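First comes the structure, then the notes that go with it.
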Amino acid sequence: MKKESITINQKEPHYEIESITPVSAHVLQIVFAGDVPPAYGDVQVYTAGGSQCSDLPGYGTVYRDEGQTIYLSDDGSVYQPPMEPEPAIPPEPYTPTPEELLASAQAAKRAEVSADCEQIIYKGVSVTLADGSTEHFSLTEHDQLNLFGKQAQLAAGAERLEYHADGQPCRYYSAADMQAIIQAAMFHVSYHTTYCNALNMWIAGCQAAEEVQGIFYGADVPAEYRSEVLDAYLLQIAAEAGGRDESETVS
């Protein structure tokens, strides 16, 4: 079966083609069915029946050669393959400055001691009651609110108040026992809040990340970072230590 064909510069032979298509204003794509012309110029296009149907002058430059597919240009342009990108040079690993290392260590240590403080406060206190028994009371934020609410009941003259120790059913406590529970709770919360604040002052005063790493919850705070309030608490704890286990109050 005959195909469309072309001639170059009105000269034989005819070259059968599969297709001829403009791909841009100045570039023509020709897919040849068989032989390919050795040179180009004005292109005449013929139908399968042999009638000339088009004349395309000036396509004398091979824009791109893909074997049976030839691209011709009428403005002298030729295909330029894209430049291969320069290989990417990996960036140098970033080395933080001593100041950045210090700031990062301080932020991490502040978060650490804050979490430890909260955990110890929430753990609560053990309180010895008037009958000599000892009960433990957790001090989550909800528990603290409940206990401080009991303080208002005491101020109003209540002689017994309902509350419960950890793992125990709710029962009535005498005003004296409830006052002892509230005082122990307030001391526990206030002491650890004050101590944690002193730790944060110590962390802020460090000059190197290595110093920060040596700080932990429970460490003795250097004198220059202890507040007047913390010193007072420590004196009170020391004075009371002979009469009870210090850990019952401060940890």
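The values are calculated or read from the model by the stated rules, or taken from the named source; none is laboratory data. Note that this is a predicted model, so its numbers are computed, not measured. Don't worry about glycine lacking a Cβ; one is built from the backbone with ideal geometry, like all the others, and counts go over all protein chains shown. Please note that ligands, DNA and RNA were not included when accessible areas were found on the heavy atoms of the full protein model with its side chains. Shrake-Rupley method; radii C 1.70, N 1.55, O 1.52, S 1.80 Å.
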Amide H partners (placed H, <5 Å) of Gly58, local residues excluded: Asp42, Val43
Where chymotrypsin sites (Phe, Trp or Tyr not before Pro) fall in DSSP loop in segment 195-228, at most 12 other Cβ within 10 Å: Phe216
For the chain, cysteines whose Cβ has no other cysteine Cβ within reach (under 4.7 Å): Cys53, Cys170, Cys206
Amide H contacts of Tyr173 (H built 1.01 Å from N, under 5 Å, at least 5 apart or other chain): Leu161, Glu162, Tyr163
Paramagnetic label zone (point 7 Å from Cα along Cα-to-C-beta, Asp75; backbone N under 19 Å) in segment 42-66: 42-43, 56-65
(i) 98, 26, 13; (ii) 45, 18, 13; (iii) 29, 19, 18, with the label sought being that of the calculated semi-axes √(5λ) of the Cα gyration tensor in Å: (i)
Computed E for Gln183/Ser114 - FRET, C-beta separation, R0 22 angstrom, nearest 0.05: 0.30
Sum of side-chain charges, Tyr233 neighbourhood, beta-carbon under 11 Å (Lys, Arg +1; Asp, Glu -1): -2
Separation of the Glu18 and Leu154 label points, Cα + 7 Å toward Cβ, nm: 9.8
Long-range lysine pairs (8 or more apart or interchain), the chain, Cα under 24 Å: 4
Accessible carbon and sulfur surface of segment 78-118 relative to its total accessible area, %, 1.4 Å: 63
Length-normalised contact order for segment 99-148 - Cα pairs under 8 Å, 6+ apart - percent: 25
Per residue accessible area of the chain, 1.4 Å probe, in Å²: 60
Solvent exposure, largest accessible area first (probe 1.4 Å, DNA, RNA and ligands not counted), of Cys117, Cys170: Cys170, Cys117
Span per principal axis, largest first, for the Cα atoms of segment 29-136 (Å): 123, 39, 21
Residue order for Thr97, Thr128 - accessible surface, 1.4 angstrom probe, largest first: Thr128, Thr97
Cleavage-rule hits (trypsin sites (Lys or Arg not before Pro)) in segment 1-77: DSSP loop, at most 16 neighbouring Cβ within 10 angstrom: Lys2, Lys3
Nonlocal amide H pairs with Val27, under 5 Å, H built at 1.01 Å: none
Net length gained if the chain between Glu84 and Glu100 were fully extended (0.36 nm per residue, minus Cα distance): 1.8 nm
Separation of alpha-carbon centers, segment 146-186 and segment 1-76, rounded to whole Å: 103
The chain: calculated mean residue ellipticity at 222 nm from DSSP helix runs of at least 4, using -39500 (n - 2.57): -12500 deg cm²/dmol
